Amino acid sequence: MTTAIAFVASKTPEAESALAGLRARYGETPVEQAQVIVALGGDGFMLRTLHRHLAAGKRYYGMKLGTVGFLMNQYRPDDLTERLARAQPTVLKPLVMEAVSESGTTTTSLAFNEVSLLRQTKQAAHIQVSLNGAVKIEELMCDGVLVCTSAGSTAYNLSAHGPILPLGADVLAMTPISPFRPRRWRGAILRAGTRVKFEILDPYKRPVSATADSNEVRDVVEVSIHESQDQTVTILFDPEHNLEDRILNEQFAY
């Protein structure tokens with residue numbers, strides 16, 4: 001049976017050239033009628049594709065034609081239908097961010113990688129950290145703090161010296177960014193069902209932004225984060241290059 005494929009590509013000459021070639025070779029199906037969306041680009045483009053087409057409920061298969069490709073398979077134009085038939089599914093649950101700004105507006109966004117809070121000026125951020133309604137850190141002084149999924153643990157989280165999380169572990173990582181106080185706090189591993197709340201202390205003098213993947217909200221005063229219970233996406237990986245193995249291998253990289 002022929003797989004109905006919708007192709008999407010990032011706005012780079014390499015990706016757009018590959019897009020034209022693949023459409024000519026395998027045909028093109030509108031996203032609404034496709035079984036699989038094949039994304040050509042890097043991880044950033046894959047994340048944008050997941051957000052853009054989430055409501056369509058499709059499966060996704062990425063091919064690396066960008067600078068970073070942790071969520072992507074190797075680009076090869078040959079035997080695509082066979083690769084899709086053999087591909088292994090990985091189901092991801094996004095985080096839900098609810099960010100309240102100084103104006104009182106609440107913005108709700110999803111994050112497949114992480115929700116990150118960052119100081120907006122030279123002043124360090126002062127943030128109170130609560131889990132499931134209980135205050136755990138009265139005042140975290142830092143450049144920022146993030147909460148990430150297993151899939152996102154090898155991205156910004158790893159650069160901030162956070163832990164790599166195995167897929168299927170049902171945990172999240174909370175990692176501070178350049179923490180000053182508490183001096184020895186280096187973050188925490190949380191159950192996936194934990195509800196996280198960040199309250200910004202002195203937000204007018206020390207403004208903070210919150211970003212869910214690439215959706216930024218400026219001048220926040222409060223940010224709540226929890227794992228979605230009704231939204232999932234399925235990403236397909238070649239058996240020899242699946243996401244679980246990549247996350248495992250990252251723990252032995254040196």
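Structure notes:
- Listed from fewest to most Cβ neighbours within 10 Å, the set Thr67, Thr29 follows the order Thr67, Thr29.
- Degrees separating the helix 43-52 axis from the principal Cα axis of the chain, which is the longest one: 90
- Here the range 95-227 is treated with +1 on each Lys and Arg Cβ and -1 on each Asp and Glu Cβ, and its dipole about the Cα centre works out to around 520 debye.
- Over the range 95-227: Rg over Rh, Cα atoms, Kirkwood Rh: 0.93
- Straight Cα distances below 30 angstrom link Lys122 to the lysines Lys136, Lys197, Lys205, with same-chain residues fewer than 8 positions distant left out.
- Of all aspartates and glutamates in the structure, those lying under 14 Å Cα to Cα from Lys64, and not within fewer than 8 positions of it along the same chain, are Glu14, Glu16, Asp43, Asp238.
- Near Ala34, once Lys and Arg are set to +1 and Asp and Glu to -1 for all other residues with Cβ below 15 Å from its Cβ, the sum equals +2.
- In plain terms, the residue of Lys136, Lys197 with the fewest other Cβ atoms within 10 Å comes first and the most crowded comes last, giving Lys136, Lys197.
- Counted charge near Glu138, where neighbours are those whose Cβ lies closer than 15 Å (Asp, Glu -1; Lys, Arg +1): +1
- Cα centroid of the range 214-254 to Cα centroid of the range 8-84, whole Å: 18
- Normalised by the number of residues in the chain, the mean separation of alpha-carbon contacts (under 8 Å, six or more apart) gives a relative contact order of 21 percent.
- Over the chain, dividing the summed -39,500 (n - 2.57) contributions of all DSSP H runs of at least 4 residues by the number of residues returns a 222 nm mean residue ellipticity of -4500 deg cm²/dmol.
- Taking a ≥ b ≥ c as the square roots of the eigenvalues of the alpha carbon gyration tensor, the range 162-231 is oblate, as a/c is not under 1.5 and a/b does not beat b/c.
- Spin-label zone in the range 127-162 - amide nitrogen under 19 Å from a point set 7 Å from the Cα of Glu244 along the C-beta vector: 149-154
- Reachable lysines, given that their alpha-carbon falls under 16 Å from the alpha-carbon of Lys93 and they are not under 8 places away in the same chain: Lys58
Bear in mind these aren't lab numbers, they're just calculated from the coordinates by the rules spelled out. In this text the structure is predicted, and so the values were computed from the model without any measurement. Glycine also receives a Cβ, built like all others from the backbone with ideal geometry; neighbour counts cover every protein chain displayed.
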